[in-house]
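Chemist: Got a structure here, written out as structure tokens. Questions coming.
The values are calculated or read from the model by the stated rules, or taken from the named source; none is laboratory data. Predicted, not measured: the structure shown is a model, and the values here were computed from it. Note: ideal-geometry Cβ built from the backbone for every residue, glycine included; neighbour counts use all protein chains shown. For the accessible areas, the whole protein counts, side chains as well, though only heavy atoms, and no ligand, DNA or RNA atoms are used. Shrake-Rupley method; radii C 1.70, N 1.55, O 1.52, S 1.80 Å.
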Amino acid sequence: MPSTVTESLIFRDMFGTAAMRAIFADEALIGRYVEVELALARAQAETGVIPAEAAAAIAEAGRAMTVDFDRLRRETEIVGYPILPIVHQLAEAAGPAGGYVHWGATTQDIMDSATILQIRDALALVSTDLLALRDILADLAGRHRTTPMAGRTHLQQALPVTFGYKVAVWLSMIERHIERLDQMRPRVLLGQLAGAAGTLASLAPDGLRVQAAFCQVLGLGQPSATWHVARDGLAEVVAFLGLVTGSLGKIATDVMLMMATEFAEVAEPFVKGRGASSTMPQKRNPISSELMLAAAKAVRQHVALMLDGMIHDFERATGPWHAEWVAIPESFIMTGGALAQARFMLGGLIVDAGRMRANLEITGGLIVAEAVMMAAAPKLGRQHAHDIVYDACRIAATERRPLADVLAGVPVIVEALGGIEAVRTHCDPANYLGHAPEMVDRQLGLLGGTR
């Protein structure tokens, strides 16, 4: 029985998706190893290194063979790597042509190239989710462009913002991740064929030609130099996933706090029984947000592992390579799960604009003290205006009176603002949104031709 949350029959669809798990499943991974071996034989036949009929026989054997997984597991435990055991089975299936299987390659060439093929497919899934999430957030930001709510700093009400502005900030992160992914692909999606110490000595003088043909068959870029021990590309991939899940964790944290009973400004989509408590019938817990935050924390640890794993010794590592086998699949599966939760949660997010407005009023206008101060500053000077409004705020807070009522009794402020009605206008939070709506427009405008 599976023992981890990414494979558990109970938890796996909370922390991952079937599509992402399929990319990193054992059967798919072994299939990639065989695919890489067949690409190697084909490239070597095209460059005249091995007979064309041998490559054809190897290709036929690879397509027809049934992998003996029990044998593969036993031999892998002995060898320490799965490639030699796979080569044994493929060579046997290929008959006389089997002697040309894995010609001039090393184990890491096959495993690294297979990993890159997995990453290519996994990044495609991540890209699809990010694009869908961008559309969801763009729609949400546009609909709530001018919906006023309290902006909070240090968990205290600070100044009014709009919910659309808050969502536009979330959207800006997602848009940058889409850009990062596109920029990252050419750096990362490189084939690996370099031989025992990375010099392609086993295939010289044809090594670089074989390498070029090999990468072309797989649809991968040809590296300028061997990356057996230059693992920055793989570290960048997992760091990218850390950035994505970090942004999702930030969004989740905002939603969870805004779902708190005392705020009640948003709610995750209602599904009967979702987020229910075993003892408190009234509970509606932020399940998707909690899972997104958990994924961010888990992937963050794998980012650190991958950065540590960059430190390889000499021309072939003693240990760090193995850490990638843990970090890469789990990071992708967790990220896929978090993106799926984000699409569900944000796609059906329930927004209570009335409660947002009510929360803006709970300080009796103190949230717009800066608005009054800045409006009076041209006539009174900034510091003098600050001191007067500061004193009025203390009275309003102590006596639990609306700030507008207190300021209406301060002649110097009334005169500076142009009358009592002007005082009340400046004390309305909806009138002090700054450029929040325009920032929503600017962010949506950046999406123009890419949506």
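Chemist: Sort Lys297, Lys250 from largest to smallest accessible area, using a 1.4 Å probe on the heavy atoms of the protein chains.
Modeler: Lys297, Lys250
Chemist: For segment 293-342, what is the charge dipole size about the Cα centre, in debye to the nearest 20, if Lys and Arg each add +1 at the Cβ and Asp and Glu each add -1 at the Cβ?
Modeler: Dipole magnitude for segment 293-342 comes out near 240 debye.
Chemist: Looking only at the chain, where both bridge partners belong to it, what percent of the DSSP beta bridges are antiparallel (to the nearest 5)?
Modeler: Details: 7 of 8 bridges.
Antiparallel bridges make up about 90 percent of those DSSP assigns within the chain.
Chemist: Could you provide, to the nearest whole Å², the per residue accessible area of the chain with probe 1.4 Å?
Modeler: Values: 20950 Å² over 451 residues.
In whole numbers, the chain has 46 Å² accessible per residue.
Chemist: Projected onto the charge dipole of the chain (+1 at Lys/Arg Cβ, -1 at Asp/Glu Cβ, origin at the Cα centre), which of Ala158, Val389, Phe24 gives the Cα projection farthest towards the positive end?
Modeler: Val389
Chemist: Continuing with this model, one more query. Which of the helices in the chain meet the span-like rule: DSSP H, Cα axial reach of 27 Å or more, Kyte-Doolittle mean at least -1.0?
Modeler: Span-like helices here: 26-46, 107-143, 163-188, 232-259, 287-308, 320-347.
Chemist: Determine how large the accessible area of Met149 is when every protein chain is in place; take a 1.4 Å probe and give Å² rounded to the nearest 10.
Modeler: Surface open to solvent at Met149 totals about 0 Å².
Chemist: Assign unit charges at the C-beta atoms only (+1 for Lys and Arg, -1 for Asp and Glu), then state the dipole size of the chain relative to its Cα centre in Debye, rounded to the nearest 20.
Modeler: Once rounded to the nearest 20, the dipole reads 1180 debye.
Chemist: A further question on this structure: Calculate what fraction, in whole %, of the accessible area of segment 91-132 sits on carbon and sulfur atoms when a 1.4 Å probe is rolled over the protein chains. Before the final figure, lay out the partial values.
Modeler: Working: 740 of 1300 Å².
Whole-percent figure for carbon plus sulfur exposure: 57.
Chemist: So for the chain, taking the charge dipole from beta-carbon charges (+1 Lys/Arg, -1 Asp/Glu), which of Val79, Val126, Val412 sits furthest toward the positive end?
Modeler: Towards the positive end, the residue furthest out is Val412.
Chemist: If Ser127, Ser288 are ordered by their accessible area, calculated over protein heavy atoms with a 1.4 Å probe, which sequence runs from highest to lowest?
Modeler: Ranked list, largest accessible area first: Ser127, Ser288.
Chemist: Using only the Cα atoms of the chain, construct the convex hull and provide its projected area averaged over every direction, in square nanometres to one decimal.
Modeler: 28.5
Chemist: OK, next. What residues have an amide H closer than 5 Å to that of Met149, excluding those fewer than 5 places away on the same chain, when H is modeled at 1.01 Å from N in the peptide plane?
Modeler: Val161, Thr162, Phe163
Chemist: Could you sort His426, His435, His302 by accessible area so the largest value comes first, with the probe set to 1.4 Å?
Modeler: His435, His426, His302
Chemist: Could you compute how much accessible surface Arg316 exposes when probed at 1.4 Å, giving the result in Å² to the nearest 10?
Modeler: Result for Arg316: roughly 70 Å² accessible.
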